[in-house]
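Report on the following structure.
Since every read-out is calculated from the coordinates, none of them should be taken as a lab result. In this text the structure is predicted, and so the values were computed from the model without any measurement. Cβ placement follows ideal geometry from the backbone for every residue including glycine, while neighbour counts extend to all protein chains displayed.
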Amino acid sequence: MNLLTLLETTATDPREAFAAGTERLDLERVGLHLLTSSLVFVLVVPVLVAAVVSTKDSGIVMTVGDLVPGPYAQRNYERALVDLGFWRFMVNSFVMATVVVVGKLAISLLAAMVIVYYRIRYKNLIFLFVLFTLLLPVPVRFVPLYRLVVGLGWNNSFLAITIPYLASATTVFILRQHFLSIPASIVESAKLDGVGPLRFLAFVLVPMSRAVLVGVSVIMFVYAWNQYLWPLVIIDTQGQQVTQVGLNLLRGQASSGEVAWSMVMTGSMLTLLPPLLLLVLFRNPLIETFAIQQK
């Protein structure tokens, strides 16, 4: 029941009805805020626990009293970054994610432009085939992809963890949806002015898609940064591994042979920082990108 219905049916005095409707809306708003705050709290608690454990010596938490920050934060982070060489894993992941983002954007921009603005035979069928690739789970592609990469001699190299990620059906779909929302008058004006395909892409589509491109780049960066299984399979040299595999290498750093949870949580916090920073800085373009994807 909305406020207008409440005014017409439940009260003789409009002022009383308005006050009752406003009070109900306030209660609904408070309930929504409480629900959102509870969900955020559930999501944030594990991160806070990891941050606290990263400041302790052993990292063993038995009681609530153990969830007090310890005095070993500087030592743990210095040991993880310098002594255990975790900085190298972070550099490898950053370079990998950057190359993947640039390559995906270049390929996806060209593919989406062709699908939207060019008249080619079976264009819709080609686009459906691109979307069909989303139905194939990643483990299904591992064996043929592994054989292909090994056959090309790319195993245990930087090419192995970048080239297979350059094609993205999701990015093509998002950019296609955005290009369809661009007014047709702009496209016609570009055609009348004799603007070529590359100039049209560089001076029309890219400037008008800046927010979407930033949002897509953040999504692709986080996706590439979090890769674990494929680098673990295809890379044999420890110095060329990425952060997610490096976290597993930190588990056995305790002198007693037990899991060094303080080192694991320290590495987890270091791994979390770059994606979290990007999500905070570019949250508005990211929200706009998700809105386009839902249309």
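Brief remarks follow.
- Residues Met113, Met96, arranged from fewest to most other Cβ atoms within 10 angstrom of their Cβ, appear as Met113, Met96.
- Ranking of Arg75, Arg119, Arg176, Arg210 by count of other Cβ atoms within 10 Å, fewest first: Arg119, Arg210, Arg75, Arg176
- In terms of its C-alpha gyration tensor, the stretch 171-262 comes out prolate, because a/c is 1.5 or above and the ratio a/b outweighs b/c.
- Dipole axis of the chain (+1 Lys, Arg; -1 Asp, Glu on Cβ), positive-most option in Ser37, Trp87, Ser157: Ser157
- Under the span-like rule (Cα at least 24 Å along the axis, Kyte-Doolittle mean at least -0.5), DSSP H helices of the chain: 14-53, 86-117, 261-281
- Shape call, the chain: gyration tensor on alpha carbons, a/c limit 1.5: oblate
- Gaussian network model of the chain, Cα within-10 Å springs - most flexible of Ala190, Ala167, Ala260: Ala190
- Between Leu39, Leu272, Leu67, the GNM of the chain built on Cα springs shorter than 10 angstrom shows Leu39 fluctuating the most.
- Helix-only [θ]222 nm of the chain, DSSP H runs n ≥ 4, -39500 (n - 2.57) each, per residue, nearest 500: -21500 deg cm²/dmol
- Most mobile of Val49, Val91, Val143 in a GNM of the chain (Cα contacts under 10 Å): Val143
- Neighbour net charge for Phe200 - beta-carbon separation under 11 angstrom, K R +1, D E -1: +1
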